[in-house]
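Reviewing the structure listed below.
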Amino acid sequence: MKITRNIVLGLLAVALVLPFTSCNKHFLDEELTTKRNTDYFNTDEGIETLVVGLYDYLRYYHCSEAGYSYMNYGTDEYTVGSDNSNGMWNDYGSSLSPDVTRVNSNTVGAGSLWDYMYTGINICNTLVDRVEKGVYTGSNSNIILGVAHFMRGFHYYNLVTQYGGVPIKLEPSNEVSFEFERASAQEVAEQVIADLEAAYSELPDSPSKTGEITKAAAAHFLAKAHLWRASEINDSWNSSTRGTDLDKVITYANYVIGKHPLAKNFVDLWDYTGPNSANENNPEVVLAAQFTGPETTTWNVGGCLYFYTTSNYRDLTGMFRDVPGGREYNRLRTTYYSIYSYDLVNDSRVWKTFRTKMTMNAVANAAAAGYTAGKDLGLMYIFNQPGDDRFDEVVKYNDASEKEAVPHYRLKELDNNSPVGTSFVFFPKGTSRWDIPMEYAGNNDTFLHFPMNTKYVDGSRESIADSHCFRDGIIARSAEDYFFIAEAYIRKGDYTKATEYLQVIRDRGAWKAGEDREEHRDGGQSWDGSSGAQAAGISSYCPRSSYYESNNLPLGSLNAEASSLKLDGPINVLANLPAPDQEIANKLGVSSEKDVALCFLLNEKSREMSLELVRWVDLARTKTLEARIKAFNKEAAVNFNPAKHYLRPIPQAYLNVLQREGRSLTDSEKKEIQNPGY
């Protein structure tokens, strides 16, 4: 049984107000029953209840629009789709300010992360205080301290990687406070590491319940924190700790790898068939935000990331919106970099990450157009190569009627030789790699239709109107620890060792002999036919990809063969890299051995961890954000200012209530505290 709880934490400046659960057999296995005042948190039962509620804070990035806004917008992987609710986080314009200009009620404010992290920190402080002062007399002191220290380090890590230096508060708030001093980024990093080291010594090696925080989770974030401190964004002060940091990255990440072996097949991580299905207990997962199922998930705590990556499909011939297809919130548009950094023939991960086919599901509409719903394809994306002369120039259209009359392409699916309702081809005649986004800039269709990332798809929702899911959100998995170690070795100048760790990840991503290269599995398959407006047994979910159509190969011709993603040598030599990586390196203008190797690592990590809420921090800490968005995200590049946008704005609401010696701050004092340029 998971430790997902139906607990909503509210923390005011003057007091803690928290729904609580009564204690049963295991104190991390509780259900909401009633409410009590804050005196309850001076009892053993209340303290154990409080630590259970702290797990809700792991859900932050997975159950709101803040996740992609802070972590994936404004990078090389994703840009804005047709819905601009949070476009300021991508385009770095004037609206991204200490008081973010709202487009609508979905816009993520400047203080979203700040407020949530500090609320969680205060709960951590309360728990540490109650245990260290002997208020807690139960038998779970180490677990409580371990969870509290981990979560406090986790929260401060999220703050320092976004804002740089922030106030450090280690005592619980029992009354309103208005005076805080901003610590330096170096001081915050030291606090993060101290908390996580404490958690590492206090947490158990193995969980007693699915979803519990363990020593491996602390080790994973220790490796991440040490790597962040050793990165370029901190070059002005990290020289004295850099060498030790890199050694500790290797030590902690190797511990995680030893405890959490990789899934045998990349798709095993995403092969979701329903709440608590096998993929949610994959040993590669180190820590996940738990969203169990309808009986424990409520309005504001279900995962919702996949809605934001869903592109339009209901406007196409023979199609309408259904549960497996998802609600087309259309916030995150896949960039061409996200697709074309892969070896599209030999790398299975692109076909296991992106949805390239959808089945017609509108029975009457499909029949009127001469198709059969549930059989014929309504949508197909073709990932072809520049120079492919199979397709004429792009047909651009201005409205729905013209679109229906003149679809982009009328292709045939290889499986049944039946025409596809609508197909989108990346490279028609006369187009070359990377110039497509500029050519499409005035064509709204590009912002409506794009291949969606399916890592978070959940077809087990009760209805199409449900905006939250039951699927767990992966926070940490051991594959990332291979990247931590490889990057540490790159920074130490041992490129051969770095290559060895990255090769493990690439070997897992290659096709296995006998694997059906056309197969695609995602959470859309978890729809059981009992919900939504679909006809019986008919949905848009398609268990196939456009692998063979895209690569212009006979259907099934490579299924018997294993592919290879074997590197030709150490990754510091440009000639040893695969063709897409050489092209990217040349476009970015990297030349030194370290920069070539780091460029490859960032490409490989994108291929492995696309949309897993790590990209913005990775590009910001390595100071590669500017170059990559200028190369691959034209919308983000227009306003990006390297003197400003490697940090987020300190929320104006915080500055406005801050005081010194009992008085409000002057404008100049606020400016001193604010990050440069805001």
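Tell me which of these D399 doesn't satisfy, since it passes every other one: (1) surrounded by fewer than 13 Cβ atoms within 10 Å (Cβ to Cβ); (2) modelled with pLDDT of 60 or more; (3) more than 17 Å from N551 (Cα to Cα); (4) of a type in the set (D, E, K, R).
(2)
Which members of segment 117-135 meet the condition of being of a type in the set (D, E, K, R), farther than 26 Å from Q186 by Cβ and part of a helix (DSSP H, G or I)?
So in segment 117-135, the residues of a type in the set (D, E, K, R) come out as 129-130, 132-133.
Then keep just the ones that are farther than 26 Å from Q186 by Cβ; that gives 130, 133.
Matches in segment 117-135: R130 only.
Please tell me if E635 is part of a helix (DSSP H, G or I), in contact with a strand residue (DSSP E or B) (Cβ under 7 Å, 6 or more places away or on another chain), crowded, with 17+ Cβ neighbours inside 10 Å and not polar (S, T, N, Q).
It is true that E635 is part of a helix (DSSP H, G or I), in contact with a strand residue (DSSP E or B) (Cβ under 7 Å, 6 or more places away or on another chain), crowded, with 17+ Cβ neighbours inside 10 Å and not polar (S, T, N, Q).
In segment 433-455, how many residues are of a type in the set (S, T, Y) and at pLDDT 75 or above?
Matching residues across segment 433-455 total 1.
Quick one: what pairs do we get from segment 648-663, first residue on the phi > 0 side of the Ramachandran plot, second in a loop (DSSP other than H, G, I, E, B) and surrounded by fewer than 19 Cβ atoms within 10 Å (Cβ to Cβ), C-beta under 8 Å, 6+ apart or different chains?
Correct list of pairs: E661/E179.
Taking only segment 97-135 into account, find how many residues are surrounded by fewer than 18 Cβ atoms within 10 Å (Cβ to Cβ) and farther than 27 Å from I193 by Cα.
Matching residues across segment 97-135 total 9.
May I ask you to verify whether G138 is more than 28 Å from the chain's Cα centre (by Cα), part of a loop (DSSP other than H, G, I, E, B), surrounded by fewer than 23 Cβ atoms within 10 Å (Cβ to Cβ) and without any contact (Cβ under 8 Å) to a residue 24 or more places away in the chain?
Answer is no for this residue.
At least 2 residues that are farther than 23 Å from F447 by Cα and in contact (Cβ under 8 Å) with a residue 40 or more places away in the chain in each: list the helices (runs of 4 or more DSSP H) lying fully within segment 327-372 that qualify.
Once the helices (runs of 4 or more DSSP H) in segment 327-372 are filtered for at least 2 residues that are farther than 23 Å from F447 by Cα and in contact (Cβ under 8 Å) with a residue 40 or more places away in the chain, what remains is 363-368.
Could you tell me which residue of segment 284-308 is modelled with the highest pLDDT, considering only residues that are outside any strand (DSSP E or B) and in contact with a helix residue (DSSP H, G or I) (Cβ under 8 Å, 6 or more places away or on another chain)?
So the residue we want is E284.
Condition check: in contact with a His (Cβ under 7 Å, 6 or more places away or on another chain), buried (at least 21 other Cβ atoms within 10 Å of the Cβ) and assigned to a helix (DSSP H, G or I). Does G153 satisfy that?
Numbers: in contact with a His (Cβ under 7 Å, 6 or more places away or on another chain): no; buried (at least 21 other Cβ atoms within 10 Å of the Cβ): yes; assigned to a helix (DSSP H, G or I): yes.
No: the conditions fail for G153.
Which one of these is over 25 Å from I144 (Cα atoms), in a helix (DSSP H, G or I), at pLDDT 95 or above and of a type outside the set (G, A, S): L196, L222, L246?
L246
Taking segment 651-660 as the region of interest, how many residues are under 12 Å from S177 (Cα atoms) and either part of a loop (DSSP other than H, G, I, E, B) or not hydrophobic (A, V, I, L, M, F, W, C) (or both)? Don't jump to the end; show me each part of the working.
Filtering segment 651-660 down to residues under 12 Å from S177 (Cα atoms) leaves 654, 657-660.
Filter once more, so that each one left must be either part of a loop (DSSP other than H, G, I, E, B) or not hydrophobic (A, V, I, L, M, F, W, C) (or both): 654, 658-660.
Selection size over segment 651-660: 4.
Can you find, within segment 252-281, the residue that is farthest from R506 (Cα to Cα) among those that are outside any helix (DSSP H, G or I) and in contact with a strand residue (DSSP E or B) (Cβ under 8 Å, 6 or more places away or on another chain)?
Checking each candidate, the answer is N276.
Yes or no, residue by residue, for (1) buried (at least 24 other Cβ atoms within 10 Å of the Cβ); (2) more than 16 Å from the chain's Cα centre (by Cα):
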site	(1), (2)
T273	no, yes
V286	yes, no
D322	yes, yes
S338	yes, no
S341	yes, yes
A369	no, yes
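Output the helices (runs of 4 or more DSSP H) that fall wholly within segment 19-110 and possess 1 or more residues being at pLDDT 95 or above and closer than 25 Å to S141 by Cβ, or say none.
Working: elements: 44-54, 66-71, 88-91.
The qualifying helices (runs of 4 or more DSSP H) are 44-54.
Does R229 qualify as being of a type in the set (K, R) and within 18 Å of S463 (Cα to Cα)?
Answer is no for this residue.
For segment 162-193, which positions are of a type in the set (A, V, I, L, M) and either without any contact (Cβ under 8 Å) to a residue 24 or more places away in the chain or surrounded by 15 or more Cβ atoms within 10 Å (Cβ to Cβ) (or both)? If you could, list the steps in order and put the result at the bottom.
In the first step, residues of segment 162-193 are kept if they are of a type in the set (A, V, I, L, M); the result is 166, 168, 170, 176, 183, 185, 188-189, 192-193.
Once the filter is applied, which keeps residues that are of a type in the set (A, V, I, L, M) and either without any contact (Cβ under 8 Å) to a residue 24 or more places away in the chain or surrounded by 15 or more Cβ atoms within 10 Å (Cβ to Cβ) (or both), segment 162-193 yields V166, I168, A183, A185, V188, A189, V192, I193.
Does segment 311-325 include one or more residues that are outside any loop (DSSP other than H, G, I, E, B) and either closer than 16 Å to D481 by Cα or basic (K, R) (or both)?
Checked against the condition, which is being outside any loop (DSSP other than H, G, I, E, B) and either closer than 16 Å to D481 by Cα or basic (K, R) (or both), segment 311-325 yields no hits at all.
Can you pull out every residue in segment 455-470 that is assigned to a loop (DSSP other than H, G, I, E, B), buried (at least 24 other Cβ atoms within 10 Å of the Cβ) and under 16 Å from the mean Cα position of the chain (by Cα)?
Y456, V457, D458
Condition check ((1) modelled with pLDDT under 95; (2) out of contact with any helix residue (DSSP H, G or I) (no Cβ under 9 Å at 6 or more places or on another chain); (3) over 20 Å from D44 (Cα atoms)) across all residues:
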| position | (1), (2), (3) |
| --- | --- |
| M117 | no, no, yes |
| D129 | no, yes, no |
| A148 | no, no, no |
| Y157 | no, no, yes |
| T161 | no, no, yes |
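The values are calculated or read from the model by the stated rules, or taken from the named source; none is laboratory data. Bear in mind that the values here come from a model prediction, so they are computed numbers and not experimental data. Counting neighbours? That spans all protein chains shown, and the Cβs are built from the backbone with ideal geometry, glycine included.
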